[in-house]
Structures are given as structure tokens and as C-alpha cells.
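Working notes, beginning with the structure itself.
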Amino acid sequence: MMKKLSIIFAVLTIGFTACTDVVDLDIDEKEDALVVDGRVLTSDSVQTVRLSRTTDYFNPQFPDYEAEKNATIRFYENEAYIGNFVFVDSTNRFQILHQAVVGNSYHIEIETESGESFRSEPETIRQVSEVDSIYYKKEKLTDFFDSTYSVYINAQELPGKGDNYQWKTYLNGNYQNQPDDLTFFNDDFVDDEYIEEALMYVLDQEEFDQRANANNEIEVYIEQLGITNSYYDFLFQLSQQSASGGPFAAPPAQIVGNIIKENSDEERALGYFYAADVDVSDTIVIRR
């Protein structure tokens, strides 16, 4: 029996340095380690990977995505070789043309310029439900804040436990990647429920005025991603690390991704190569 459930999703935070989910964290890793930022999405016919190297924590700089431009990245679907990613100078990304399919598994093999070899653990794409509706309310969420424009979605959670979600918000076509924008959730307590009023994004009047276009409007849509349990765990580790700062915090722990160095079960590159099904909501227009 299905029942309706009203819920405000918890927002888990990490710090970003670019339009994709790149994290700046103080972690116990050697200098000049490989960093992998890659994904396979059913919504895209072009799949992408970015490679960089870690730098001295006390001398940080923007990632150099050309540092491994001559690396070789092989792409596999259901363990069958598909082809090699090609580095594109205009985007500083490796790309391959391929349409991902729900139910198939994907992984990559990387050979760096120095001859190091890495392999990502396979990710199997699990179907994601559709966003039934997206809407906003002009409301006052608490007595401590002025009125806001709050963006919500409704969606049916699919039957069968094990579904994991990530939501990405776009304002006027721009992905919102600030520290409090990353949102992810699992179905441990909402399996097969109809989820109403899931809060995705909040704009106060000042932010609205800053972001509004020439027509004094903001166009908003949401991407709903069905991610694997392993990637959910990875995001959770990142959120825990980013929230544990302060003078009395415990020493940072290793954040375990899915990029394993060949011939070494313990040594890993930083980052993650994930695969996800994607549903894109309708676009709404927020007006003053």
C-alpha cells in the first residue's frame, strides 16, 4: 500500500571549486596523487572524465586539467571494451561518444603519462523515477528569515529498497555548486512512497535580484540522478569530512573512492567515476 509522505530533504554540504563536484578537503594523501572526476549519464550522449594531480595543501592552486592530457583512458560497458576517451583542449576534458543504458555496468582503465595504471570499480546504472512536478512558493520558512522563493519537487519513489538519489539545481541554465547546494538521499525510510514537497533550493530576495535576467525572472529546473550505493557512500564521506572542521576535530580520515591502482588492492587515486540514470524536470519561471 502506497501512502503520501511530506518531507524536506536534508542538505549535505561540500565545498566546490568548479562546475562539477570537485572537493577541496584536508585529507591524508601524498602530494602529486592522481585525481579522477568522471561520469556516465543516461541523459548525455557524450561521457566525460577530468584528470588532475594533487598539489601542496599549503600552496593550493586551481587544478591543472592538462597535467595528464596525454593519459590513456579506456572505456568499458559490461566489461566489454568500447573505445578510448579523447582529450578535448577547449574543455580540458576527456570525452567519448556513447549512450549509457539502465542496467548496464561501466568502468574505465587509466594509464598515466608516467606509466601508472588505475581501474575504476564497475558502476551499474539503476533506473531513477521521474520528477512528477516542480514548483515554487513565496513563503517565510522561519521567523528568523524574510520571505523566500522556495523550489520544491514531487516524485514517486520506486518500489524496492536500495535507491539512492542526487539532485542538481540549475538557475538560468547554471548548475548551483556552492557548499550548501549538494543534495543526496536514499530510500531507507521512504521506499515506494509518494514524496511531496521535497525542498530543493531556497532564494532570498537579495539572491533573486542578483540572479534575475533582463525580464526580472529566474528559470529553474532540477536534475534527479539515480546513483549507486557506492557513490552515495562516497558523497556521504565527503560531507562528513567537510562538516568536521574546527580546532577540536578528529584527524581527517581517508576518503575512499572507486579508482584502484593496478597490482595494489590498497592504493587508490582520489575522486570517483560514477554512472547514473537521469531525469530532468520541467522548467519553471520564478517571477517577483
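Laboratory data are not the source of any read-out in this text; all were calculated from the coordinates shown. Bear in mind the structure is a predicted one, so any value in this text is a computation, not a measurement. Counting neighbours? That spans all protein chains shown, and the Cβs are built from the backbone with ideal geometry, glycine included.
Mind pulling up the Rg/Rh value for region 109-217? Radius of gyration and Kirkwood radius, both on Cα.
Details: Rg = 18.9 Å, Rh = 17.1 Å.
Rg/Rh: 1.10.
Once you have the Kirkwood Rh of region 98-141 from its Cα pairs, apply Stokes-Einstein at 10 °C and 1.306 mPa s and quote D in µm²/s. Could you put the intermediate results ahead of the total?
Working: Rh = 14.8 Å.
It diffuses with D of about 107 µm²/s by this estimate.
Note: region 120-166, Cα convex hull, 148 Å³ per residue. For region 84-159, the ratio of Cα radius of gyration to the globular rule of thumb 2.2 N^0.38 Å stands at 1.87.
Taking amide H positions as modeled 1.01 Å from N, with prolines and chain starts lacking one, the residues under 5 Å from ASP163 and 5 or more places away or on another chain are ASP187. Listed values for region 126-137 are Karplus-derived 3J(HN,Hα) couplings in whole Hz (6.51 cos²θ - 1.76 cosθ + 1.60, θ = phi - 60°), namely 10, 4, 10, 6, 8, 7, 5, 7, 9, 7, 10, 10, and x replaces Gly and Pro. Peptides 219-230, 193-204 ranked from most to least packed give 219-230, 193-204, packing being the mean of other C-beta atoms within 10 angstrom over each peptide's residues.
Let me know the shape class of region 44-129, please: from the alpha-carbon gyration tensor, a ≥ b ≥ c as square roots of the eigenvalues, rounded when a/c is under 1.5, otherwise prolate if a/b is greater than b/c, or oblate.
Numbers: a/c = 1.89, a/b = 1.77, b/c = 1.07.
Verdict is prolate for region 44-129.
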